[in-house]
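The values are calculated or read from the model by the stated rules, or taken from the named source; none is laboratory data. Model, not experiment: these values are computed from the prediction. Quick reminder, even Gly has a Cβ in these numbers, built from the backbone with ideal geometry, and neighbours come from all protein chains shown. These area figures cover heavy atoms from the full protein model, side chains too; ligands, DNA and RNA do not enter into them. Shrake-Rupley method; radii C 1.70, N 1.55, O 1.52, S 1.80 Å.
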Amino acid sequence: MKRCLFLLIALLCSPLSGKSQIAASPWTHVFVADVNLAFGPSTTATWDPSIGFRFQVSDHFRVGVGDVSFGSADLVSGTRYAIMGGPVGEYLAPINENLSYSVLLGIPFQDRWGASILHAFGAAPYGAADLDYHFSQVFSLAGIVKVQYITSDAYLRMPRVLPSSALIVAFGLGFHFYICPDYSATNKL
């Protein structure tokens with residue numbers, strides 16, 4: 001525990017080169033690849049890899065498509081498949097030169113089929129908080145905490161199908177790649 005605390009303090013006090021990715025930065029649009037380990041009803045563990053894209057619309061806001069993924073779960077009657085994705089909104093703010101945080105709201109929609117069960121459509125809105133450490137102007141690593149609520153009759157999170165009204169708490173890791181630079185802003189720095 002002491003070693004982890006020391007590494008965290010060293011990371012924050014002796015940052016690597018980089019800039020916080022907010023509107024003043026020439027890198028405003030972000031491609032994200034997130035992996036979340038979640039704990040649902042009765043401590044059911046699931047994981048949820050996804051990709052997305054967010055476009056900066058003002059100083060502290062991004063909107064886009066998130067939680068785009070494909071998954072499967074083995075049931076008694078066969079394998080159930082799902083494809084998902086949906087809108088996401090993000091508020092972001094810097095903490096220091098290399099650290100920023102963001103709060104996200106999203107509604108991933110899911111289409112499920114297979115396992116001799118009728119085709120089904122579902123949704124599971126969530127709220128999430130990210131803490132990004134910016135290694136450079138093109139990459140940051142994020143720690144993610146996410147709370148999700150299943151509003152439909154079921155929702156597939158690999159490797160299980162979870163029931164309606166399940167509350168899921170997830171912890172994850174995000175790999176954020178910043179694209180579409182504004183070269184005129186880069187020359188002014």
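Looking at 154, 128, 142, which one is more than 16 Å from the chain's Cα centre (by Cα) and not β-branched (Val, Ile, Thr)?
So the residue among 154, 128, 142 that is more than 16 Å from the chain's Cα centre (by Cα) and not β-branched (Val, Ile, Thr) is 154.
Can you tell me which residue among 109, 135 is modelled with pLDDT under 95 and surrounded by fewer than 22 Cβ atoms within 10 Å (Cβ to Cβ)? If you could, list the steps in order and put the result at the bottom.
Numbers: 109 fails: modelled with pLDDT under 95.
Of the residues listed, the single one that is modelled with pLDDT under 95 and surrounded by fewer than 22 Cβ atoms within 10 Å (Cβ to Cβ) is 135.
Which members of the range 105-140 meet the condition of being outside any strand (DSSP E or B) and more than 22 Å from residue 35 (Cβ to Cβ)?
Listed by number, the residues that qualify are 115, 116, 137.
Quick one: would you say residue 102 is in a loop (DSSP other than H, G, I, E, B) and without any contact (Cβ under 8 Å) to a residue 60 or more places away in the chain?
no
So which residues in the range 162-184 are open to solvent by less than 50 Å² (accessible area, probe 1.4 Å), under 29 Å from residue 75 (Cβ atoms) and in a strand (DSSP E or B), if there are any at all?
162, 168, 170, 172, listed by residue number.
What is the number of the single condition among (1) open to solvent by less than 70 Å² (accessible area, probe 1.4 Å); (2) among the aliphatic types (A, V, I, L, M); (3) within 19 Å of the chain's Cα centre (by Cα) that residue 120 does not meet?
(3)
Please state which of the following conditions residue 155 fails to meet, knowing it meets all the rest: (1) modelled with pLDDT of 90 or more; (2) open to solvent by 10 Å² or more (accessible area, probe 1.4 Å).
(2)
Look at residue 74 and say whether it is open to solvent by less than 50 Å² (accessible area, probe 1.4 Å), among the charged types (D, E, K, R) and part of a strand (DSSP E or B).
In short, no.
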